[in-house]
Ligand code: KIV
């Protein structure tokens, strides 16, 4: 069981927003990424269903299962005991009806020991689901704008809220999700001016991704930020490092060192006492020789020791 003594709570996040302290959030999908992110001081980690793309190699988040999310959520929790961990409910685990959503959220909370769940969408079904989950004691982060689980309905990974009608709809969804009890809301791929307006109107924190600088916090995908995913680089992502290139360089060096017989060297190998080493050289049989002679020498040596 993970201790919750120093855990970042939803109240801590809301306090950051009220104090005007920007909230950095980062995806983390496993033990090492969660450990590194928490160690670097990131207060909120998202076990996002983007793991379907950047970790599992699918071309969308749609194939991700509840089991996948639980598996990765548990690993992330083991890596970060204090950060606030949000786990995405995956496509198909909450859209059909509230009971299904409730069962999925309860499993995620129980089995991963995460702190909250995130669901996508702002339609009436999503709003009802948020309200029911919150009433049942599950903190919910909402997510509107570009909602990748609806990529087929949206016609692609496209900027949302570009027309006055869409802007009104998104602001209204955000307000209703707040009223339903969401403790924070992700705004993905919406124009900066619209995200600024939603941030101004809401009292809960807004967390932007491709939503400009005026949100209360920002979330980025681990692989985009570190240069680990080269299939696609979203316009909003900034590479803070090129870790992928550095990994490739290290792997090339390793392969060359093995081929050159230069790895492992003596300090990377295990030695023996001179006596045992010389015994091995003298007595262990070579190719196609029998072991019998070595066993005989050993039993004679053992006998003479008794
Ligand atoms: O799954 C994810 O990583 C997300 C972020 C893009 C917000 O939902």
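A few comments on the model shown:
- Condition met for residue 62 (within 14 Å of the ligand (Cβ to nearest atom) and out of contact with any strand residue (DSSP E or B) (no Cβ under 8 Å at 6 or more places or on another chain)): yes
- Test: residue in region 147-160 that is more than 16 Å from the ligand (Cβ to nearest atom), in the same structural domain as residue 25 (by TED's automatic domain parsing), in a helix (DSSP H, G or I) and farther than 26 Å from residue 24 by Cα: yes
- Qualifying residue in region 164-180 (condition: part of a loop (DSSP other than H, G, I, E, B), away from the ligand (no atom under 15 Å from the Cβ) and surrounded by fewer than 24 Cβ atoms within 10 Å (Cβ to Cβ)): no
- Identity of the residue in region 186-202, in contact with a helix residue (DSSP H, G or I) (Cβ under 7 Å, 6 or more places away or on another chain) and away from the ligand (no atom under 11 Å from the Cβ), that ends up farthest from residue 50 (Cα to Cα): 201
- Taking region 210-306 as the region of interest, the helices (runs of 4 or more DSSP H) fully inside it that hold 2 or more residues being over 49 Å from the mean Cα position of the chain (by Cα) and modelled with pLDDT of 95 or more are 274-283.
- Verdict on residue 138 being within 11 Å of the ligand (Cβ to nearest atom), surrounded by 18 or more Cβ atoms within 10 Å (Cβ to Cβ) and within 25 Å of residue 107 (Cβ to Cβ): no
- Selection count where residues are under 17 Å from residue 82 (Cβ atoms), within 14 Å of the ligand (Cβ to nearest atom) and in contact with a helix residue (DSSP H, G or I) (Cβ under 8 Å, 6 or more places away or on another chain), scope region 35-55: 4
- Unmet criterion (only one of (1) near the ligand (Cβ under 10 Å from one of its atoms); (2) within 23 Å of residue 84 (Cβ to Cβ)) for residue 217: (1)
- For region 73-108, filtering for residues that are within 15 Å of the chain's Cα centre (by Cα) and under 23 Å from residue 144 (Cα atoms) leaves 9.
- Total residues in region 2-39 satisfying the condition of being in a loop (DSSP other than H, G, I, E, B) and over 15 Å from the mean Cα position of the chain (by Cα): the figure is 12.
The values are calculated or read from the model by the stated rules, or taken from the named source; none is laboratory data. The shown structure was predicted, so the numbers you read here are calculated from the model rather than taken from an experiment. When we count neighbours, we look across all protein chains shown, and the Cβ atoms used for this are built from the backbone with ideal geometry, even at glycine.
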